[in-house]
Every structure is written in structure tokens, then in C-alpha cells.
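Worksheet: the structure to be examined is printed underneath.
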Amino acid sequence: MAARLSAAQLAEAPGLAERADAARLRVAPLAGADAESYGRVLDAYREPDPKTRTVRIRDALSGAADVPLAVAEIGNEVAGIAAKLVEEGNPNLEGDAMTAVLLADAGVRAAAALAEINLSSANVKDDRLSRANELVEKTAATARRARGEDGRR
């Protein structure tokens, strides 16, 4: 909404609105994917053979980390879009855009925490945890910028 109503202030507003819509379409199916991955974790815990159960749990938890990581990626993108609207969009919608920045920041933090829990529980060491932490830091920096805490506003 903030992007659609910011065309007079920001030439790239229509493109930002398209990007926001595309992000919404990418994130919506992730709720179902998250439920499916959690179902695989529950199934793995029911495996009767202890050795097989351990492997299945590890694999299921590792796979379950991918969904929140995808959510964090999208949340970071949304924060960037919304921050641009806070800075240059319709001033009457600055509060709406700031709310989007803050919600995206919280969503990225929550998603990264879930990915970390799953990866730690699976005892998996790969680059996904560092990517999750990178997204948290990047989104937090975007939120600080939008709030004017970096001296730019």
C-alpha cells in the first residue's frame, strides 16, 4: 500500500510495489512447507530403529531449517523495500512503512532463531547458520537506517 501510494514522491514506487507483491507470493506457501517439514521431524522421532531414528531426525531437522531461512531471506528484502519507503515515500504513510520495517526485522530474527534451533538440534555445521546471522545483522542495519539511527535521516 505504501509503495502504491508513493508514486508522486518516488519514481521507483511501482517497482517496489511489484517486489513487495512478489515477496508476499513467495512467502505464503512457506507456511505449508513449514508444516510439512515439521511433520517429517515428528515422523522421524517415531522411527522404531534407534540408529535409523537418529539419522532421520538429524536429516529432518536439517531440512526444517531451510524454511525459516527462506522466510528470513524474504523478510530482509521486505525490510529493504519498506525502509526505502520510509526514507523517500509518501510522508503520510511513513508510519505504515516503518511498521513494515519493524515487523520484517522481527520476522527475520524469529526465523533465524528457528533455523539456528533446528541446525543446533541436528548438530549440523554448514553455512546456513552464518547466512541466518548475516540476514539478522543486515535487516537490523536496515531498521536502524529507517529509524534514523545511523545519522543518515
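Looking at (1) surrounded by 12 or more Cβ atoms within 10 Å (Cβ to Cβ); (2) within 21 Å of the chain's Cα centre (by Cα); (3) modelled with pLDDT of 95 or more, which is the only condition Leu25 fails?
(1)
Kindly indicate whether any position in region 94-103 is crowded, with 19+ Cβ neighbours inside 10 Å, under 11 Å from the mean Cα position of the chain (by Cα) and either modelled with pLDDT under 95 or closer than 25 Å to Asp34 by Cα (or both).
The answer is no; no qualifying residue exists.
Counting just the residues of region 73-110 that are of a type outside the set (D, E, K, R) and touching a Leu at 6+ places or on another chain (Cβ under 7 Å), which one comes out farthest from Ala146 (Cα to Cα)?
Among residues in region 73-110 that are of a type outside the set (D, E, K, R) and touching a Leu at 6+ places or on another chain (Cβ under 7 Å), the one farthest from Ala146 (Cα to Cα) is Val108.
Tell me, yes or no, whether region 54-73 has at least one residue that is under 22 Å from Asp127 (Cα atoms), not in a helix (DSSP H, G or I) and not β-branched (Val, Ile, Thr).
Yes; the residues of region 54-73 include at least one that is under 22 Å from Asp127 (Cα atoms), not in a helix (DSSP H, G or I) and not β-branched (Val, Ile, Thr).
Go through (1) exposed (fewer than 12 other Cβ atoms within 10 Å of the Cβ); (2) without any contact (Cβ under 8 Å) to a residue 24 or more places away in the chain one by one and return the number of the condition Ala8 breaks.
Single failed check for Ala8: (2).
Could you go through region 64-84 and let me know if any residue there is more than 20 Å from Leu135 (Cα to Cα), at pLDDT 95 or above and more than 17 Å from the chain's Cα centre (by Cα).
no
One residue is enough: does region 123-141 have a residue meeting the conditions of a type in the set (D, E, K, R), assigned to a helix (DSSP H, G or I) and within 11 Å of the chain's Cα centre (by Cα)?
Among the residues of region 123-141, not one is of a type in the set (D, E, K, R), assigned to a helix (DSSP H, G or I) and within 11 Å of the chain's Cα centre (by Cα), which makes the answer no.
Which of (1) among the small types (Gly, Ala, Ser); (2) crowded, with 24+ Cβ neighbours inside 10 Å; (3) within 25 Å of Glu12 (Cα to Cα) does Ala64 not meet, given it meets every other one?
Unmet condition: (3).
The values are calculated or read from the model by the stated rules, or taken from the named source; none is laboratory data. This one's a predicted model, so the numbers in the text were calculated from it and none came from an experiment. Reconstructed Cβ throughout: ideal geometry from the backbone, glycine too, with neighbour counts over all protein chains shown.
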